[in-house]
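What follows is a short report on a single structure.
All of the numbers you see were taken from the coordinates with simple rules; none came from a lab. This is a predicted model, so every value here is computed, not measured. All Cβ positions, glycine included, derive from the backbone under ideal geometry; neighbour counts span all protein chains shown.
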Ligand SMILES: [Mn+2]
């Protein structure tokens with residue numbers, strides 16, 4: 001292993017230093033992003049996946065994830081594929097890195113311009129199944145436990161082009177088939193579905209985490225399918241990311257997560273984690289850390305287009321350090337005696353009504369229904385109550401800003 005640069009060394013010697021046990025992962029496509037956008041060409045040379053594994057390991061990352069074609073070029077021969085995979089496995093071993101997640105690129109090649117599992121052309125739909133099965137084999141071979149499905153172009157530009165109900169059926173048939181494939185091969189994979197409202201299509205099916213959760217329960221194997229929410233994608237739909245993740249987490253469906261940042265509803269920006277929405281992402285990290293999320297903390301973001309390779313590693317380190325900063329601040333917020341006392345005051349209430357609600361939790365009885373109907377409440381007093389949320393929120397701000 002090469003000695004990290006002085007800059008990295010200085011900034012990774014404190015309590016926010018990324019460590020393997022923090023379970024930080026990056027997509028190979030994130031750091032290898034060459035800065036192409038619809039208005040400009042690549043600004044950085046392609047990064048070698050093995051070099052990326054080495055650099056990320058030095059920075060404290062736990063693993064890497066990939067689309068099939070991030071590692072094995074589209075159309076590579078079987079011999080070429082085997083050589084690439086062998087060299088990559090050796091790099092993982094050499095640098096103590098794992099591959100917790102893999103996925104398929106079903107959006108880059110022109111064949112997928114009308115989608116993959118929902119394309120109107122049956123040859124494209126069948127080819128998408130073939131490509132995904134090969135990619136699942138590759139992911140399983142490298143030890144992936146989670147397989148992500150981002151339906152990049154599964155949508156429409158013109159609503160006249162296909163019936164949405166038919167597309168949803170086609171998507172379900174594909175996922176059902178691939179679940180059976182994974183079971184048949186004994187891969188023990190969990191599938192994580194990633195929603196996005198639009199881009200690159202003008203409208204994508206399964207726009208949000210909520211849409212995807214609803215769909216999962218219509219599958220043949222709902223237990224093996226969960227979600228992979230992405231910060232930027234929910235912000236693009238104008239939603240509260242913490243609430244989307246909480247719903248998935250509470251349903252036992254948060255199988256994976258894509259951490260990045262976004263300046264509100266506009267094109268998908270994939271900014272460095274925590275570079276924009278400090279407050280919402282503070283509460284996101286608090287949610288993940290306090291509610292038993294055990295999966296990788298995966299960054300699906302990319303460096304600013306202005307950066308050279310040094311900037312790429314500044315970006316990667318920044319994502320991880322900011323997560324750990326939020327983690328430390330969230331813990332300080334939760335253990336602050338002033339916050340704890342204030343919350344105890346806010347949550348206190350009428351003992352009789354607390355007892356009633358404890359019974360509601362246990363379940364319905366006709367007697368309980370009658371008791372609630374006969375209970376006297378004081379709506380005037382309830383309406384006059386102050387909740388002290390201004391004080392509470394300011395305490396959160398002071399923790400986020402590092403004042404307390
Ligand atoms: Mn994105």
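Rounded to the nearest 10 degrees, the angle from helix 278-290 to the longest Cα principal axis of the chain is 90 degrees.
Sorting the segments 317-326, 346-355 by their residues' average number of neighbouring beta-carbon atoms within 10 angstrom, most packed first, yields 317-326, 346-355. Contact order, relative form, for segment 238-321: 35 percent (alpha carbon pairs under 8 Å, 6 or more residues apart, mean separation divided by residue count). In terms of overall dimensions, the C-alpha atoms belonging to segment 314-404 reach 63, 29, 20 Å along their principal axes, ordered largest to smallest. Distance between the 7 Å Cα→Cβ label points at residue 169 and residue 34: 4.2 nm. Packing around the peptides 252-258, 224-230, taken as the average count of other Cβ atoms within 10 Å per residue, puts them in this order, highest first: 224-230, 252-258.
The Rg/Rh ratio of segment 164-209, with Rg taken over Cα atoms and Rh as the Kirkwood radius over Cα pairs, comes to 1.07. Measuring r between the beta carbons of residue 376 and residue 185 and using R0 = 51 Å, the FRET efficiency lands at 0.20. Relative to the longest principal axis of the Cα atoms of the chain, the long axis of helix 49-59 lies at roughly 40 degrees. All C-alpha pair distances within segment 211-322, sorted into 10 Å bins from zero, spread as 14, 44, 31, 10, 1 percent across the bins. Divide the volume of the convex hull around the Cα atoms of segment 244-389 by the residue count and you get 179 Å³ per residue. Taking only Cα atoms and a 10 Å spring cutoff, compute GNM fluctuations for the chain and point out the largest among 113, 20, 169. Looking only at 113, 20, 169, the largest GNM fluctuation is found for 169. Across segment 10-327, the mean sequence separation of Cα contacts (distance under 8 Å, 6 or more residues apart), normalised by length, yields a relative contact order of 18 percent. Helix 309-335 and the longest principal axis of the C-alpha atoms of the chain enclose an angle of approximately 20°.
Each peptide in 180-188, 38-46 receives the mean, over its residues, of other Cβ atoms within 10 Å, and ordering these scores from highest gives 180-188, 38-46. Using only the C-alpha atoms, the convex hull of segment 12-151 corresponds to 131 Å³ per residue. In whole percents, the pair-distance distribution calculated for the chain from its alpha-carbon pairs, binned every 20 Å from zero, is 24, 53, 21, 3. Which FRET efficiency value, to the nearest 0.05, do you get for residue 361 and residue 291 by plugging their Cβ-Cβ distance into 1/(1 + (r/R0)^6) with R0 = 30 Å? Once the sixth-power term is evaluated, E becomes 0.95. Working from Cα pairs under 8 Å separated by at least six residues, relative contact order for segment 1-142 is 21 percent.
Pairs of C-alpha atoms in segment 130-232 farther apart than 16 Å represent 58 percent of all such pairs.
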